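Report on the following structure.
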Amino acid sequence: MRRVVITGSGLITALGSGTEKNWQALVNGQSGIARISRWSTEKLKASIAGEVKDFNVEDYLERREARRMDPFCHFAIAAAEMAMSESQMPVGLDKANGYDPEMVGVIVGSGIGGLMSFEESFYTGTSKGWDRLSPFFILKMISNMAPGRISMRFNCKGANWGTVSACSTSAHAIGEAWRQIRYGDLDAAIAGGAEAAITPMGIGGFEAMHALSTRSDDPATASRPFDKDRDGFVMGEGAGIVCLEEYESAKKRGANIIAEIIGYGANSDAHHETAPAPEHEGAQRCMRMALKVAGLKPEDIGYINAHGTSTPFNDLHETKAIKRVFGEAAKKVMVSSTKSMTGHMLGAAGGVEAVVTALALKRGVIPPTINQFTADPECDLDYVPNKAREVRVDYAMSNSFGFGGTNATLVLKRAQ
């Protein structure tokens with residue numbers, strides 16, 4: 001089997017645009033959550049979110065081109081540009097510069113796709129007539145336009161598709177890209193996810209499910225994964241994209257290897273639309289699967305970037321699943337949820353968190369779970385509360401779980 005490494009990354013979140021800016025904010029325990037600024041939340045209890053900051057689409061796309069895309073696509077393209085720049089892979093891929101375009105793929109997903117464009121077009125149709133819709137409406141809405149646009153931008157002619165698996169979307173995208181490189185179907189890939197669902201329908205829909213935090217009086221402390229007083233997740237938006245390459249090729253060209261992906265698990269709870277199976281049995285199997293593929297034992301893992309959404313059910317059941325899988329080692333493994341700072345980015349979450357996990361390995365710093373105020377006796381692992389921790393670990397895990405009972409786990413190794 002071929003080895004697969006991460007050589008580039010791009011992050012766009014409520015903490016800012018760019019991987020380094022995000023990393024510094026995360027290790028400093030900074031929250032990106034604030035009141036929603038783009039539209040009135042007067043009739044909603046949930047009036048806070050992790051809106052993307054300091055992002056100018058015209059830094060990446062011409063205005064005319066940008067108008068033909070939904071914001072989730074803007075985020076995906078910009079994060080891919082960042083990842084390609086960091087990896088120093090040539091923008092115009094061709095055989096002359098060592099990259100066969102047919103062996104470079106793009107697997108980038110979105111859990112919801114162009115929700116903002118859908119809402120705007122629905123308003124246009126109902127108020128002005130259905131004959132007034134933009135010819136770009138469908139193209140702005142469908143989620144596979146993110147990988148499609150990225151492939152055109154970089155001349156990637158290999159596999160080109162988008163995963164759609166709710167909050168596991170971009171972890172699945174990275175895992176499937178890893179698998180295609182591992183088995184020789186690709187030599188390199190751009191992978192991850194993007195989301196832009198902080199819209200009236202997006203917030204209203206999740207509020208109707210009673211899934212969102214209503215702690216709007218203090219936005220920065222609203223996302224409280226594993227804390228006793230957690231009351232729901234805070235929605236975020238943005239993108240997390242990585243460049244993956246076959247190890248020998250990356251090493252030969254002198255690429256800066258951030259981390260190596262060595263394990264991937266993907267399965268289903270087959271239990272309920274939204275609630276995890278008891279003690280998150282599906283997540284247990286998913287973590288065990290990823291560990292088996294990686295050839296590791298639970299005690300080898302030093303850090304877990306948890307799904308950790310700040311909802312009562314998820315945090316409790318993920319904790320139980322980790323304890324079941326890790327046994328005595330669960331007392332020693334560090335677990336943190338960076339959603340406490342970015343909010344829950346839905347389909348983009350796994351991509352962002354895979355990058356964070358890779359950087360934790362490379363830099364020897366474990367980002368904290370902020371807003372740990374009151375310990376929950378049933379959530380009793382080491383959540384790296386409130387302050388980053390300088391410690392070197394060799395192996396780490398990133399969990400992503402989604403509606404429909406879909407699960408994904410990635411296992412990463414520190415670059416040697």
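The values are calculated or read from the model by the stated rules, or taken from the named source; none is laboratory data. Since we're looking at a predicted model, the values are computed, not measured. Using ideal geometry, Cβ is built from the backbone for each residue, glycine included, and neighbour counts are taken over all protein chains shown. Protein only, heavy atoms only, side chains kept; ligands, DNA and RNA dropped before computing areas. Shrake-Rupley method; radii C 1.70, N 1.55, O 1.52, S 1.80 Å.
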(message) Looking at region 244-258 only, could you name the residues that are assigned to a strand (DSSP E or B) and surrounded by 24 or more Cβ atoms within 10 Å (Cβ to Cβ)?
(response) Leu244, Glu245
(request) Among what's in region 263-275 and is among the hydrophobic types (A, V, I, L, M, F, W, C) and open to solvent by 30 Å² or more (accessible area, probe 1.4 Å), pick the residue that is nearest to Val333 (Cα to Cα). (result) Ala266
(message) Cβ-Cβ distance below 6 Å, separation of 6 or more or different chains: which pairs start in region 344-368 with a residue that is under 12 Å from Ser168 (Cα atoms) and end on one that is in a helix (DSSP H, G or I) and open to solvent by 10 Å² or more (accessible area, probe 1.4 Å)?
(response) Leu346/Cys167; Ala349/Cys167
(request) For region 165-220, enumerate the residues that are closer than 30 Å to Gln88 by Cα, among the β-branched types (Val, Ile, Thr) and touching a Lys or Arg at 6+ places or on another chain (Cβ under 7 Å). (result) Ile181
(request) For residues that are out of contact with any strand residue (DSSP E or B) (no Cβ under 6 Å at 6 or more places or on another chain), among the small types (Gly, Ala, Ser), over 22 Å from Cys379 (Cα atoms) and open to solvent by less than 10 Å² (accessible area, probe 1.4 Å), tally how many sit in region 193-243. (result) 3
(message) So, in region 289-299, exactly how many residues are in a helix (DSSP H, G or I) and crowded, with 17+ Cβ neighbours inside 10 Å?
(response) 6
(request) Would you list the helices (runs of 4 or more DSSP H) that sit entirely within region 101-194 and hold 1 or more residues that are farther than 22 Å from Glu62 by Cα, without any contact (Cβ under 8 Å) to a residue 24 or more places away in the chain and among the small types (Gly, Ala, Ser)? (result) 115-128
(message) Here's a check for you: in region 334-376, which residue that is more than 16 Å from the chain's Cα centre (by Cα) and part of a helix (DSSP H, G or I) is surrounded by the most Cβ atoms within 10 Å (Cβ to Cβ)?
(response) Leu361
(message) Take Ala396 and tell me if it is touching a helix residue (DSSP H, G or I) at 6+ places or on another chain (Cβ under 6 Å), open to solvent by 10 Å² or more (accessible area, probe 1.4 Å) and either within 27 Å of Ala266 (Cα to Cα) or touching a residue at least 60 places away in the same chain (Cβ under 8 Å) (or both).
(response) no
(message) Pairs please, first residue from region 17-36 and in contact (Cβ under 8 Å) with a residue 60 or more places away in the chain and at positive phi, second anywhere and open to solvent by 20 Å² or more (accessible area, probe 1.4 Å) and part of a helix (DSSP H, G or I), Cβ atoms under 7 Å, 6+ apart in sequence or on different chains.
(response) Gly18/Met82
(message) Cβ-Cβ distance below 7 Å, separation of 6 or more or different chains: which pairs start in region 69-91 with a residue that is at positive phi and end on one that is surrounded by fewer than 24 Cβ atoms within 10 Å (Cβ to Cβ)?
(response) Gln88/Ala255
(request) Report whether or not Glu20 is assigned to a loop (DSSP other than H, G, I, E, B), more than 15 Å from Val234 (Cα to Cα) and either touching a Ser or Thr at 6+ places or on another chain (Cβ under 6 Å) or open to solvent by 80 Å² or more (accessible area, probe 1.4 Å) (or both). (result) no
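The rows are residues; the columns are (1) modelled with pLDDT of 95 or more; (2) crowded, with 22+ Cβ neighbours inside 10 Å.
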{"position": "Glu58", "(1), (2)": "yes, no"}
{"position": "Met89", "(1), (2)": "no, yes"}
{"position": "Asn97", "(1), (2)": "no, no"}
{"position": "Val108", "(1), (2)": "yes, yes"}
{"position": "Leu133", "(1), (2)": "yes, no"}
(message) So, in region 306-333, how many residues would count as being surrounded by fewer than 18 Cβ atoms within 10 Å (Cβ to Cβ) and assigned to a loop (DSSP other than H, G, I, E, B)?
(response) 1
(request) Any residue in region 240-252 that's modelled with pLDDT under 95 and small (Gly, Ala, Ser): show its pairings with residues that are open to solvent by less than 10 Å² (accessible area, probe 1.4 Å) and part of a strand (DSSP E or B) at Cβ separation under 8 Å, as long as the two are six or more apart or on different chains. (result) Ser249/Ala188; Ala250/Val5; Ala250/Thr7
(request) Determine, yes or no, whether Gln30 is open to solvent by 30 Å² or more (accessible area, probe 1.4 Å) and outside any loop (DSSP other than H, G, I, E, B). (result) no
(message) Just to be sure before I move on: is Ser400 under 26 Å from Ala76 (Cβ atoms), of a type in the set (Ser, Thr, Tyr) and not in a helix (DSSP H, G or I) in the structure I sent?
(response) yes
(message) Looking at the structure I just gave you, is Lys21 of a type in the set (Lys, Arg) and under 29 Å from Ile261 (Cα atoms)?
(response) yes
(message) I need the full set of residues from region 69-91 which are in contact with a helix residue (DSSP H, G or I) (Cβ under 7 Å, 6 or more places away or on another chain) and part of a loop (DSSP other than H, G, I, E, B), in order please.
(response) Met69, Asp70, Pro90, Val91
(request) For region 276-283, indicate whether the set of residues that are under 25 Å from Gly162 (Cα atoms), surrounded by fewer than 23 Cβ atoms within 10 Å (Cβ to Cβ) and among the charged types (D, E, K, R) is non-empty. (result) no
